[in-house]
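Engineer: Take this structure, written in structure tokens, and hold onto it; I'll ask about it next.
The values are calculated or read from the model by the stated rules, or taken from the named source; none is laboratory data. Everything numeric here is computed off the predicted structure, so don't read it as measured data. Reconstructed Cβ throughout: ideal geometry from the backbone, glycine too, with neighbour counts over all protein chains shown.
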Amino acid sequence: MTKRSQTDGIVFQREIPIRHDVDVFIAGGGPAGISAAVAAGRQGARVFLAEGHTCFGGMGTAALVPAFMQFGDGVNFLAGGIGEEVLTRLRSADGTGPDDKTENSNDATVGIKVEVLKRVYDELAADAGVDFTFQTQLIGVETDAGRVTAAVCAAKSGIFAVKAKIYIDCTGDGDLAYLAGAPFEKGDEQGNLMPGTLCSLWANVDFKAWKKSGLSNENVRLEEAFKDNIFTHHDRHLPGMWPVSDNIGGGNIGHTFGVDGTDEKSLTDALVWGRKSMLEYERYYKEYLKGFERMELVATGSLLGLRETRRIMGDYVLCLDDFKSRAVFDDEIGRYSYPVDIHPAGTDEADFEKFKDEWENMRLGRGENYGIPYRCLVPKKLTNVLMAGRCISTDRYMQSSVRVMPGCYITGQAAGVAAALAVKKDTDTRSINIAELQTRLVRIGAYLPNVK
């Protein structure tokens with residue numbers, strides 16, 4: 001028998017069923033995907049959403065990211081529409097952290113009770129008439145002359161196809177657009193990517209004692225711990241612990257350096273290291289800070305917290321100059337204001353100082369925000385695909401701002417409404433009437449002050 005090398009391929013052919021024939025197919029059910037699905041469903045489109053994990057929400061649920069970043073700029077609620085509805089429903093169901101008060105400025109972070117947020121998303125999808133399945137992976141697409149003709153999915157029951165008029169990529173990694181042939185960028189000029197974080201939940205945290213201790217800056221004793229050989233990596237960037245309830249902390253602690261979220265071996269190594277690193281952070285919090293002496297690890301995320309992978313190139317690339325100029329666009333579909341937040345790719349002290357400088361200086365003032373044009377949602381070379389979430393068309397600076405959950409709500413609902421409009425008008429994604437899109441977005445609560 002002839003041995004085959006590992007580089008040899010096989011021909012794998014199957015006739016598979018077309019299980020769904022809909023108006024809009026959405027790959028991924030994170031904050032962008034759920035927003036796109038609900039928005040399209042409410043506009044009357046027939047929607048099928050395939051989510052690879054066991055719940056909606058992605059980073060904010062399965063990955064245990066402990067808090068929403070800012071929904072607004074301190075004056076204006078920028079994630080208006082579905083983002084505001086999610087937050088309102090979450091607060092009504094006692095699903096936010098103890099520090100959250102509805103009268104707080106909308107530029108504050110908001111703690112997340114994960115199980116409540118899962119139910120909020122379930123209810124939103126069901127109420128909008130969205131057809132969806134969990135544990136359903138996008139594994140391929142069929143295309144014809146720049147038009148996606150089918151999405152191929154794999155689930156417990158087998159492999160099947162979905163046909164749709166419009167396809168929306170909400171995978172975070174740009175999987176659908178990438179598989180369809182859209183160009184992309186990834187990382188910096190050398191290919192370095194922001195590290196991931198395996199987020200965590202901790203019980204028996206005394207937040208009152210922590211705040212009284214004067215050591216509320218969790219970074220304050222890191223250098224001492226480095227000298228004491230507590231940590232394998234001298235990671236000076238410690239985002240920290242958020243109160244999820246009175247004695248449960250949500251940990252955005254530690255980094256998985258060198259991870260590539262588009263490579264399963266890299267993800268595997270990062271998850272294994274992330275779980276191991278919790279022992280080091282547990283020792284640090286217990287021995288070097290106050291209020292954590294009895295802390296106990298409850299869980300780590302079933303998904304790794306990823307900050308960047310592919311940025312799909314679209315008809316416009318949102319760039320740092322747009323951030324600095326508080327740009328206004330004729331085709332804007334929302335506005336946002338989170339700072340530039342590029343986590344250092346390694347433990348080099350100079351890289352950490354560069355991060356600190358950007359974090360402190362690349363931010364907007366109270367009431368200031370930048371526009372997000374519709375063209376950032378339209379991938380090059382494709383005529384019936386839209387994007388939403390962290391993979392939209394930006395440079396690396398802007399990706400680090402718009403990638404957070406409220407930003408994903410903004411781009412997700414815009415993609416959903418645009419898809420429904422394209423279906424209704426029987427046209428492609430570049431031929432929809434932008435004024436009509438903006439009018440529809442304003443009707444559902446989007447913040448578009450420049451739309452007349």
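Engineer: Find the residue count for the stretch 428-444, including only residues that are outside any helix (DSSP H, G or I) and either surrounded by fewer than 16 Cβ atoms within 10 Å (Cβ to Cβ) or modelled with pLDDT under 95 (or both).
Structural biologist: 3
Engineer: If I filter the stretch 6-37 down to residues being β-branched (Val, Ile, Thr) and in contact (Cβ under 8 Å) with a residue 40 or more places away in the chain, which single residue comes out as surrounded by the fewest Cβ atoms within 10 Å (Cβ to Cβ)?
Structural biologist: Ranking the candidates gives ILE18 first.
Engineer: Could you identify the single residue in GLY365, GLY389, GLY371 that is over 14 Å from ALA182 (Cα atoms), surrounded by fewer than 20 Cβ atoms within 10 Å (Cβ to Cβ) and modelled with pLDDT of 95 or more?
Structural biologist: Being over 14 Å from ALA182 (Cα atoms), surrounded by fewer than 20 Cβ atoms within 10 Å (Cβ to Cβ) and modelled with pLDDT of 95 or more holds for just one of GLY365, GLY389, GLY371, which is GLY365.
Engineer: Are any of the residues in the stretch 83-102 polar (S, T, N, Q) and either assigned to a helix (DSSP H, G or I) or touching a His at 6+ places or on another chain (Cβ under 6 Å) (or both)?
Structural biologist: Checked against the condition, which is being polar (S, T, N, Q) and either assigned to a helix (DSSP H, G or I) or touching a His at 6+ places or on another chain (Cβ under 6 Å) (or both), the stretch 83-102 yields at least one hit.
Engineer: Further, regarding this structure: When ASP321 is evaluated against the numbered criteria (1) acidic (Asp, Glu); (2) within 23 Å of ASP188 (Cα to Cα); (3) in the same structural domain as LYS381 (by TED's automatic domain parsing); (4) surrounded by 15 or more Cβ atoms within 10 Å (Cβ to Cβ), which criterion, by number, is the only one it fails?
Structural biologist: ASP321 satisfies every listed condition except (4).
Engineer: For the list (1) more than 18 Å from the chain's Cα centre (by Cα); (2) over 22 Å from ILE432 (Cα atoms), I need the number of the one condition that PRO373 fails.
Structural biologist: (2)
Engineer: Here is a check on your reading of the model: is ALA422 in the same structural domain as PHE184 (by TED's automatic domain parsing), buried (at least 19 other Cβ atoms within 10 Å of the Cβ) and over 24 Å from the mean Cα position of the chain (by Cα)?
Structural biologist: Answer is yes for this residue.
Engineer: So is ILE82 within 17 Å of the chain's Cα centre (by Cα) and either under 29 Å from LEU421 (Cα atoms) or surrounded by fewer than 18 Cβ atoms within 10 Å (Cβ to Cβ) (or both) or not?
Structural biologist: When the stated conditions are applied, ILE82 passes them.
Engineer: Limited to the stretch 176-225, what total is found for residues that are touching a residue at least 40 places away in the same chain (Cβ under 8 Å) and within 21 Å of ASP395 (Cβ to Cβ)?
Structural biologist: 14
Engineer: Here is a further query. I'd like to know if the stretch 99-115 contains one or more residues that are on the phi > 0 side of the Ramachandran plot and surrounded by 22 or more Cβ atoms within 10 Å (Cβ to Cβ).
Structural biologist: Within the stretch 99-115 (the criterion being on the phi > 0 side of the Ramachandran plot and surrounded by 22 or more Cβ atoms within 10 Å (Cβ to Cβ)), the answer is no, since none of the residues qualifies.
Engineer: Inside the stretch 270-305, can you point out the residues that are at negative phi and assigned to a loop (DSSP other than H, G, I, E, B)?
Structural biologist: LEU289, LYS290, PHE292, GLU293, ARG294, MET295, GLY301, SER302, LEU303, LEU304 - these are the residues of the stretch 270-305 that are at negative phi and assigned to a loop (DSSP other than H, G, I, E, B).
Engineer: For the stretch 137-163, what are the residues that are touching a helix residue (DSSP H, G or I) at 6+ places or on another chain (Cβ under 9 Å) and farther than 24 Å from ASP260 by Cβ?
Structural biologist: Scanning the stretch 137-163 gives THR143, VAL148.
Engineer: Within the stretch 238-269, track down each residue that is within 17 Å of VAL114 (Cβ to Cβ) and either touching a Phe, Trp or Tyr at 6+ places or on another chain (Cβ under 8 Å) or in a helix (DSSP H, G or I) (or both).
Structural biologist: Correct list: MET241, PRO243, ASP246, ASN247, ILE248, GLY249, GLY250, GLY251, ASN252, ILE253.
Engineer: Could you tell me which of the residues VAL152, VAL220, VAL162 is buried (at least 22 other Cβ atoms within 10 Å of the Cβ) and either modelled with pLDDT of 95 or more or not in a strand (DSSP E or B) (or both)?
Structural biologist: VAL162
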